[in-house]
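Please read the structure below before turning to the comments.
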Amino acid sequence: MLSHNKVEIRADALRHNFSVCRRHAGGVDVLAMVKGDAYGHGMVDCARIFVQEGAAALGVAEVPEGIALREAGFSLPILVFAGIIPQTVAATLDYELTPIITDVAVVDKLAHEAEKRGRRVKVHIKMDAGMGRQGALPEEMITLVQKVEEASRLTLQGILAHFPMAEERNSDNSYMVLERFNRTIEEIRGCLSTNCHYHIANSGALFYLPDAKFDMVRPGLSLYGCYPDGKEGVESAEGEKLQPAMTFSTRIIQVRRLPEGSGLGYGQTTITTRPTTLAVLPVGYANGYLRRLSNRAQVLIRGRRAPVIGRISMNLTLVDITDIGEVAPGDEAVLLGRQGNQELTADDIAEWMDTISYEVLCLLGKMNERVFIR
Ligand SMILES: *Cc1c(COP(=O)(O)O)cnc(C)c1O
């Protein structure tokens, strides 16, 4: 029997979002980012939808995710974004994953293992164009590119970078990163023997930086139905809006009436100031519904918003339903998604949790039973 707590993923929303992204891409390839178990939505199920809709490649963080996709039967290019180290070379080759090289140190080993197998390996190189996280600096790129070009079994297929602030419209930072990327690839083009692809756009750049598409775009968050700039994105979206694909709901397990002056839950952080009706939900931080949401979040019951009251514990949450009317054990409570004409979005929860929608989706999606609705 399934838990009362249920994350549902709607395939039709994923399909819709992919097609919105594809239209924004304007004809260049779309790599679908499915890292983080597809942002908590289920990697293999989501990848299947995106591939059916025309994804040219898939993006994961680590080699084991790439292996899982190969074992599920995917044959298109799978880029491994966390990079490659000597320990992951063999599996990368065995499963024909596309490594992203961030450092010159691994090139010899990769070329050697490819030689041993008598195979060519396509690789991408990551440049640090201003993210300050991973990759080679612009001034180190020529050396790295030449090293890859000289390695007999390696084919340089792509050069990429990543934006740190693309969700912010008209940010000077994004123009600077784009400028650096452009300048460096101009220099690299001069010393390349083969045709190489360039890519830099995440969701933010796909929606807000039309000059950043190059040969491929790499949306993640937008495929799952959220805008990288949160509510502002939703409010200003022109034309077809993205549709959130994930909902999270549960069932009320007890309804209680407590007198004025009752302390609620661990730490007794709230004392009732009136006779209060509570709904008890079998959800807590073990479900990714973090303690930070205590006394801050709202849930939907009978199509109305009701506040979470008192501390959220590992498996239980209290909701004040005094103003909601007749509620019974077994009734549905929606923590993320729609009920009646009310909606709670991942951005709403992110605001209460002091974080971003990405983190909310990963937490809820990965810590609950998930049902994929085709
Ligand atoms: C996660 C990731 C993306 C996708 O970013 P979104 O903001 O979710 O669209 C693109 N490129 C790289 C390198 C990433 O790590």
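Just so you know, the Rg over Rh for segment 18-176 is 0.98, from Cα atoms, with Rh as the Kirkwood radius.
What is the distance in Å between the Cα centroid of segment 57-119 and that of segment 130-205? Between the Cα centre of segment 57-119 and that of segment 130-205, the gap is 19 Å. 3J(HN,Hα) along segment 264-278: 10, x, 3, x, 6, 6, 10, 10, 5, 9, 7, x, 10, 9, 10 Hz, from the Karplus curve 6.51 cos²θ - 1.76 cosθ + 1.60 with θ = phi - 60°, whole Hz, x for Gly and Pro. When the alpha carbon gyration tensor of segment 272-374 is reduced to an equivalent ellipsoid, the three semi-axes, largest first, read 21, 16, 13 Å.
Using the structure shown, select from 35/366; 35/147; 122/147 the pairs with a Cα to Cα distance greater than 21 angstrom. From 35/366; 35/147; 122/147, over 21 Å: 35/147. Counted by Cβ distance under 12 Å from residue 365, the other residues give a net charge of -2, where Lys and Arg count +1 and Asp and Glu count -1.
Working ranking of peptides 32-39, 247-254, 214-221, 266-273 by packing, defined as the average number of other Cβ atoms within 10 Å per residue, highest first, is 32-39, 214-221, 247-254, 266-273. Its Cα gyration tensor gives segment 61-138 an equivalent ellipsoid, and the semi-axes of that ellipsoid, as √(5λ) in whole Å with the largest first, are 21, 16, 10. Put simply, the amide H of residue 197, placed in the peptide plane, has neighbours under 5 Å in 158, 159, leaving out anything fewer than 5 places away on its chain. A dipole drawn for the chain from +1 and -1 charges on Cβ atoms has a positive end, and of 334, 224, 356 the residue lying farthest that way is 334.
In loop segments of segment 176-279 as defined by DSSP, the GluC sites (Glu not before Pro) with at most 10 further C-beta atoms inside 10 Å of their C-beta are 238, 260. Volume per residue for segment 1-111 equals 132 cubic angstrom (convex hull of Cα atoms).
For the set 16, 197, 112, the ranking by accessible area, highest first and with no ligand, DNA or RNA atoms included, is 112, 197, 16 under a 1.4 Å probe. With q set to 0.21 Å⁻¹, the log10 of I(q)/I(0) for segment 120-246, from the Debye formula over equal scatterers at the Cα positions, is -1.15. Taking all protein chains as they are arranged and a probe of 1.4 Å, the heavy atoms of residue 354 leave approximately 100 Å² accessible to solvent. For segment 37-131, the list of GluC sites (Glu not before Pro) that fall in a loop by DSSP and count at most 16 other C-beta atoms within 10 angstrom reads 62, 96. Volume per residue, Å³, of the convex hull around the alpha-carbon atoms of segment 228-280? Roughly 177 Å³ of hull volume per residue. Each 5 Å bin, from zero up to the one with the longest distance, holds this percent of the alpha carbon pairs of segment 125-186: 4, 19, 26, 22, 14, 8, 4, 2, 1.
Counting only DSSP H runs of at least 4 residues, each contributing -39500 (n - 2.57), and dividing by the residue count of the chain, the helix-based mean residue ellipticity at 222 nm comes to -9000 deg cm²/dmol. Computed from backbone phi, the HN-Hα couplings of segment 248-262 come to 9, 9, 8, 10, 5, 9, 7, 10, 9, 10, 10, x, 4, x, 8 Hz, rounded to whole numbers (Karplus: 6.51 cos²θ - 1.76 cosθ + 1.60, θ = phi - 60°; Gly and Pro given as x). Within the chain, the ratio Rg/Rh, alpha carbon atoms throughout and Rh by Kirkwood, equals 1.06. Along segment 206-211 the Karplus relation, 6.51 cos²θ - 1.76 cosθ + 1.60 evaluated at θ = phi - 60°, assigns HN-Hα couplings of 4, 7, 10, 10, x, 8 Hz to successive residues, with x for each Gly and Pro. The H on the amide N of residue 122, modeled in the peptide plane, is under 5 Å from the matching H of 155, each at least 5 residues off or on a different chain. Database remark: amide H of residue 371 closer than 5 angstrom to the amide H of 7, 8, 9 (H placed geometrically; neighbours at sequence offset of 5 or more, or on other chains; Pro and chain starts carry no H).
The values are calculated or read from the model by the stated rules, or taken from the named source; none is laboratory data. Just so you know, these numbers come straight off a predicted model, no measurement behind them. Using ideal geometry, Cβ is built from the backbone for each residue, glycine included, and neighbour counts are taken over all protein chains shown. Each accessible area value is taken on the protein alone, full model and side chains, heavy atoms only, with ligands, DNA and RNA left out. Shrake-Rupley method; radii C 1.70, N 1.55, O 1.52, S 1.80 Å.
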